[in-house]
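Chemist: Below are the structure tokens for one structure; questions will follow.
Read-outs throughout are calculated quantities, based only on the coordinates presented, and are distinct from any laboratory measurement. No experiment lies behind these values; they were computed from the predicted model shown. Neighbour counts are summed over all protein chains in view; Cβ atoms, including those assigned to glycine, are modelled from backbone coordinates with ideal geometry.
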Amino acid sequence: MAAQPGVRVQTQVGILNPQLKLAPCQMAQPHLNPGARVWGEIRIGLRCVQGPVRWNVYVPATVRVFGPAWVTAAALPAGHLLTEADLVREEAEWSAEPGQTVAQADAWIGRSLVTGLRAGQAIRTQHLRARQWFPAGQSVTLVARGPGFAVTSEGVAVTAGLEGQATQVRLESGRVVQGTAVGARRVEVTL
């Protein structure tokens, strides 16, 4: 991650409890538990893999990741419709909050906020209300993709198409299929 342009990582490793008495170890191996976070306040496992007594301890650590992000120029209320004047490109701490920072301006311009944001706060995907690409009852293009092919057909949306969410489309035959709303009047199904 630190190899990306404009991204920097700060790490600070804590100390073990000094009252802890561990057997000598010729080789210790660091590890993270499956599904563990890799930034923010974390715990890094350290296990003795070669020594008279096998042991496993956890060392506290802080991993902070900074990089380019869109941040609010002023405090913004929930429901606010974002314009180019609302956000500026600055360095922000990606690891300060859960969720992914929004990298591209076209991903947030014209979108409304789900929650209010304070001045200088990086905008994240969970702060944005999902776009409605089409309402129920509108004609849509359905694209079914498989390994090495794509088939396109037309249908009518049974449910509203919210960005990235499942929606249903009724085909001319009357069959209803479920796909993902991916754009204006566009639904994709992966086979």
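Chemist: If you line up the Cα atoms of the chain on their principal axes, what length do they span on each, largest first, in Å?
Modeler: Extents along the principal axes: 73, 44, 27 Å.
Chemist: A further question follows. In percent, how large is the relative contact order of the stretch 66-127, given Cα pairs closer than 8 Å and 6 or more residues apart?
Modeler: 49 percent
Chemist: Can I ask one more? What number results when the radius of gyration of the stretch 66-127, computed over Cα atoms, is divided by 2.2 N^0.38 Å?
Modeler: 0.97
Chemist: Could you compute the net charge surrounding Leu22? Neighbours are other residues with a C-beta less than 12 Å from the C-beta of Leu22; K and R count +1, D and E count -1.
Modeler: For residues surrounding Leu22, the net value is +3.
Chemist: Next question, about the same structure. When you have a sec, figure out the Kirkwood radius of the stretch 8-65 from all distinct Cα pair distances and drop it here in Å to one decimal?
Modeler: Over the stretch 8-65, the inverse of the mean reciprocal pair distance is 12.4 Å.
Chemist: So for the stretch 8-65, averaging the separation of alpha carbon pairs under 8 Å that are six or more residues apart and normalising by length, what relative contact order in percent results?
Modeler: Once normalised by length, the contact order is 45 percent.
Chemist: Mind computing the radius of gyration and Dmax over the alpha-carbon atoms of the stretch 1-110? Å is fine for both.
Modeler: Values for the stretch 1-110 (Cα only, Rg and Dmax): 20.2, 64 Å.
Chemist: If you don't mind, another one. Using the Kirkwood formula over every pair of different C-alpha atoms, what hydrodynamic radius in Å results for the stretch 78-191?
Modeler: Mean inverse Cα-Cα distance, inverted, gives 15.9 Å.
Chemist: Using alpha carbon coordinates only, what is the Rg to Rh ratio of the stretch 132-190, with Rh defined as the Kirkwood radius?
Modeler: 0.94
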